[in-house]
Amino acid sequence: MLVIKPIDEKLKKKVIDFIIRNWGSPIMVSKGKVHSMDKLPGYVAIVNNDIKGLITYNIDNEECEIVSLDSLIENQGIGSKLLERVIHKAKEQECKRIWLITTNDNIRAIRFYQKRGFNMVALYVNAVQEARKIKPEIPLYGYDNIPILHEIEFEIKLDSSVETQF
């Protein structure tokens, strides 16, 4: 049975282990900014006491950045449920937009976000080279052996007319 719950102190160690296992280190870099993953709020998807999904975010200046989203069980709605929680939280906090960065190799994420109403708003050419100076664990090649080179920014504007597509 799937349970979605906020990250709390009890879950923190499991979450950090999950992040290190899936992202190589406890930091994330987006648009040159370093995020310490152990300090970010988020939600976990738990199945049989194991974390099967995780979303982390950062709210600043009426904007909500999705820093990470992982689902170990694809096409079961875990990523969508986690994203719904963050959208709800961002609306509660009166954010004007939700945004995120993904890399050019992550075709699944690009498709996932576009299907849910996010728009591609910027391409940061060769930004991953700079990110590797901060986080050398970022691999040179990603999904389908595509070179990881660029950051792509997606956003969704939040107002009373926004209907997300889940």
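The values are calculated or read from the model by the stated rules, or taken from the named source; none is laboratory data. Everything numeric in this text was worked out from a predicted model, so none of it was measured. Glycine gets a Cβ as well: all are built from the backbone with ideal geometry, and neighbour counts include every protein chain shown. Just the protein is used for accessible areas: all its heavy atoms, side chains included, with ligands, DNA and RNA removed. Shrake-Rupley method; radii C 1.70, N 1.55, O 1.52, S 1.80 Å.
Scan region 1-73 for trypsin sites (Lys or Arg not before Pro) in coil per DSSP, keeping those whose Cβ has at most 14 other Cβ atoms within 10 Å, and list them by number.
Details: sites: K10, K12, K13, K14, R21, K31, K33, K39, K52; in loops: K10, K31.
Answer in residue order: K10, K31.
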**Fill in**
Interchain or sequence-distant (5+) residues whose placed amide H lies within less than 5 Å of the amide H of S30 are H35
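Which sequence of Y124, Y141 reflects their accessible areas, 1.4 Å probe, from the largest down?
On the way: Y124 70, Y141 125 Å².
Most to least solvent-accessible, the answer reads Y141, Y124.
Quick check on the chain: take the gyration tensor over C-alpha atoms, sort the square-rooted eigenvalues as a ≥ b ≥ c, and tell me if it's rounded (a/c under 1.5), prolate or oblate. Working shown, then result.
On the way: a/c = 1.41, a/b = 1.09, b/c = 1.29.
Rounded, because the longest to shortest axis ratio a/c is under 1.5.
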**Request:** Within the set of other residues whose C-beta is less than 10 Å from the C-beta of E63, count the net charge using Lys and Arg as +1 and Asp and Glu as -1.
**Result:** -2
**Complete:** Length gained if K13 through N119 is fully extended, taking 0.36 nm per residue and subtracting the Cα-Cα distance, is 34.8 nm
